[in-house]
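Take a look at the structure below.
The values are calculated or read from the model by the stated rules, or taken from the named source; none is laboratory data. Predicted, not measured: the structure shown is a model, and the values here were computed from it. Neighbour counts run over all protein chains shown; Cβ positions are idealised from the backbone, glycine included.
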Amino acid sequence: MTKASPLKIAIAGLGTVGGGTVQLLHDQAELLAARAGRPLALVAAAALEKPAELPLDGVAFFADAREMAKSCDYDVLVELIGGAKGIALDVVTAALERGKSVVTANKAMIAHHGVALARLAEAKGGNIGFEASVGGGIPVIKSLREGLAGNRVTKVMGILNGTCNYILTTMRDSGRDFADVLAEAQSLGYAEADPSFDIDGTDTAHKLAILASLAFAMPTNIDGVSCEGIRNVSALDIRYADELGYRIKLLGVASSSDKGVETRVYPAMVPLSFPLAHVSGPFNAIVTEGDFVGRTVLEGRGAGARPTASAVVADLMDLATGRVGPTFGLTVDTLKPLPAAPAGTHRSAFYIRLMVRDEPGVFADVAAALKAEKVSMEQIIQRGRAPSEVVPVVMTVHETDEASMLRAVERIRGLASVTDLQLIRIESL
Ligand code: HSE
């Protein structure tokens, strides 16, 4: 082992990821020191209670993370508390004010305050690592910031929330309903403290805002991300998706073109030939399109103690070896806000599921609504007959602009025979 001075680490938060990080630093200490050329030394940790099961002998323990951040002697503060504001932001700000570096898994904080924190780091001489904030153990931040630095990236899309992917995969495999599977995902520890962050797409939006910033060299813009979650995806839609040759996935999609930048989170029908269709359970995956490299695909565990600790320690290794640079790849003053693409111009094919009263003329009325908005139908499915009952009718339509599709949907919703309508985009690369 080397005699070089250790990188002194203080960890704020000893929950799932904090515990995993302590364990990794302990179990892999020799390997890390050999690779970094100096030891990575955990010198302090803060949590409400000291977990007895973690190897914390000789580590200064603080019940108050703010006190640790302000007073303790460390080189890097690892923030694993979570939340966009509050203690997490306080301890990170305190560390950066002192000219220390920060490593964090906190996607909400980076999405909302990353630019201000990066500016503070630049002013005070620290660095910020946030590999663990997106995709758990998948090295997607490094991939975009460093591995793809020679490209103009035009698109980044991914399955960025393990809880939603677990729910959608399990609903498909078991035929069970959404609420039942959500409860299971919570019991398995995949979900955020507030599961609405997962299922309403907020967590994916935070991660997408970070990826878009790196991909397009723009400041993070969480307010520019449009967001739909998976609450309304039914077991029936999942069955029809199967039949039509798709999987339903919650996607975060960021693209940049002459029209401007689009950053959107929505459930989508993904063709089985698509790299994301077979990403199942709590796994995440990210597809990137660059002008020289073409398409790259990264897949791995998007959450959990060990994968996320792996990403935290990757950032610590960069700090230990001096492989550091501006937070988002460029200094804050050179990140350029980009215009948003005009609303409604996004083009895609769509799946539409109607619940209709089974009576003569319904198809003709629906077809007329589509025709009025110049939306072209691809296929339609209705099985059996159930006069006087409500039955599902499923259609797919060819690629159209979203504004036309939404106008057609309003017309269809207005038909007396239609009692419910579900609209899901069909994704293409
Ligand atoms: N709740 C998140 C997920 C954890 O389900 O992916 C990792 O950010």
### Query
Which members of segment 261-315 meet the condition of being under 23 Å from GLU192 (Cα atoms), assigned to a loop (DSSP other than H, G, I, E, B) and touching a His at 6+ places or on another chain (Cβ under 8 Å)?
none
### Task
Can you confirm whether segment 39-48 contains a residue that is without any contact (Cβ under 8 Å) to a residue 24 or more places away in the chain, in the same structural domain as ALA105 (by TED's automatic domain parsing) and on the phi < 0 side of the Ramachandran plot?
yes
## Note on the structure
From the option list ASP203, ASP198, single residue qualifying as within 25 Å of PRO337 (Cβ to Cβ), crowded, with 18+ Cβ neighbours inside 10 Å, within 11 Å of the ligand (Cβ to nearest atom) and among the acidic types (Asp, Glu) is ASP203
### Message
Whether any residue in segment 167-183 is at pLDDT below 95, farther than 26 Å from LYS85 by Cβ, within 12 Å of the ligand (Cβ to nearest atom) and surrounded by fewer than 17 Cβ atoms within 10 Å (Cβ to Cβ) is what I want to check.
### Response
no
### Task
Would you point out the residue of segment 289-313, among those that are away from the ligand (no atom under 16 Å from the Cβ) and touching a strand residue (DSSP E or B) at 6+ places or on another chain (Cβ under 8 Å), that is farthest from ALA185 (Cα to Cα)?
ASP291
### Message
So ALA132 ticks every box in (1) in contact (Cβ under 8 Å) with a residue 60 or more places away in the chain; (2) touching a Lys or Arg at 6+ places or on another chain (Cβ under 8 Å) but one. Which box is left unticked?
### Response
(2)
### Query
Looking at (1) in contact (Cβ under 8 Å) with a residue 24 or more places away in the chain; (2) more than 16 Å from the ligand (Cβ to nearest atom); (3) within 26 Å of GLY86 (Cβ to Cβ), can you tell me which one VAL103 breaks?
(2)
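Select from segment 316-362 the residues that are assigned to a helix (DSSP H, G or I) and surrounded by 18 or more Cβ atoms within 10 Å (Cβ to Cβ) and list them in ascending order.
Matches in segment 316-362: LEU316, ASP318, LEU319, ALA320, VAL332, VAL362.
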### Message
If I ask for residues that are in a loop (DSSP other than H, G, I, E, B) and either of a type in the set (Gly, Ala, Ser) or in contact with a helix residue (DSSP H, G or I) (Cβ under 6 Å, 6 or more places away or on another chain) (or both), which ones from segment 202-220 would you list?
### Response
ALA217, PRO219, THR220
### Message
I'd like the full set of residues that are surrounded by 19 or more Cβ atoms within 10 Å (Cβ to Cβ) and in contact (Cβ under 8 Å) with a residue 60 or more places away in the chain, limited to segment 393-416.
### Response
VAL394, THR396, ILE412
### Summary
Every listed condition ((1) over 13 Å from the mean Cα position of the chain (by Cα); (2) at pLDDT below 95; (3) hydrophobic (A, V, I, L, M, F, W, C)) holds for PHE197 save (1)
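Pick out the one residue from ALA116, ALA121 that is without any contact (Cβ under 8 Å) to a residue 24 or more places away in the chain, out of contact with any Gly (no Cβ under 8 Å at 6 or more places or on another chain) and either closer than 18 Å to PHE216 by Cα or among the hydrophobic types (A, V, I, L, M, F, W, C) (or both).
ALA116
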### Query
Taking segment 26-41 on its own, how many of its residues are under 11 Å from THR321 (Cβ atoms) and assigned to a helix (DSSP H, G or I)?
3
### Query
In this structure, is SER257 within 15 Å of the ligand (Cβ to nearest atom) and closer than 24 Å to PHE350 by Cα?
no
### Summary
Being outside the structural domain of ALA111 (by TED's automatic domain parsing), under 16 Å from GLU427 (Cα atoms) and surrounded by fewer than 18 Cβ atoms within 10 Å (Cβ to Cβ) narrows LEU276, LEU244, LEU251 down to just LEU244
### Query
If you check ASP237, ASP258, which single one turns out to be touching a strand residue (DSSP E or B) at 6+ places or on another chain (Cβ under 7 Å), more than 17 Å from LYS207 (Cα to Cα), among the charged types (D, E, K, R) and not assigned by TED's automatic domain parsing to the domain that holds SER101?
ASP237
### Message
Consider segment 66-123. How many of its residues are under 23 Å from PHE197 (Cβ atoms) and assigned to a helix (DSSP H, G or I)?
### Response
19
### Query
Which one is farthest from the chain's Cα centre (by Cα), of the residues in segment 135-156 that are of a type in the set (A, V, I, L, M) and surrounded by fewer than 24 Cβ atoms within 10 Å (Cβ to Cβ)?
ALA149
